[in-house]
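To start, the structure itself, in structure tokens.
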Amino acid sequence: YLLGSFASKITGYEVALEAMVKLWWIKKKKALTASFVLELFSTPTGSGDKQLTVPITLQNGVVSVGPAPLIKLQPLEDL
């Protein structure tokens, strides 16, 4: 299996939440709660936007974003 760790900087999450509400994917109240929590963990950029730094790990055959497992990887075949 692959093994790795890195971080990703995410901007524009506010716009994504608004779009999900307009598409009826999530309710406005849940989007407001998510926005509040994301604001707590975000940092300002030089341009005045907010960004989240999210750790991404590949370990034990699983890709995780922060503490949440995202997908299970297939083992690498011998070359």
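What the table shows:
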read-out: Loop-resident sites, the chain, for trypsin sites (Lys or Arg not before Pro), counting at most 13 other Cβ within 10 Å (DSSP); value: LYS27
read-out: Contour excess over end-to-end distance, with Cα ends at LEU2 and LYS72 and 0.36 nm allotted per residue; value: 24.1 nm
read-out: Surface accessible to a 1.4 Å probe, per residue, for the residues of the chain, Å²; value: 82
read-out: Global form of the chain, assessed from the alpha-carbon gyration tensor, a/c cut-off 1.5; value: prolate
read-out: Simple spin-label estimate for SER64 and THR11 in nanometres, 7 Å along Cα-Cβ; value: 2.9
read-out: Share of carbon and sulfur in the accessible heavy-atom surface of the chain [1.4 Å probe, %]; value: 65
read-out: Angle in degrees between helix 13-22 and the longest Cα principal axis of the chain, rounded to the nearest 10; value: 70
read-out: Signed unit charges on C-beta, dipole axis of the chain, positive-most listed residue SER42, MET20, GLN59; value: MET20
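The values are calculated or read from the model by the stated rules, or taken from the named source; none is laboratory data. Bear in mind the structure is a predicted one, so any value in this text is a computation, not a measurement. Counting neighbours? That spans all protein chains shown, and the Cβs are built from the backbone with ideal geometry, glycine included. Note: accessible area is taken over every heavy atom of the protein model, side chains too, but ligands, DNA and RNA are not part of it. Shrake-Rupley method; radii C 1.70, N 1.55, O 1.52, S 1.80 Å.
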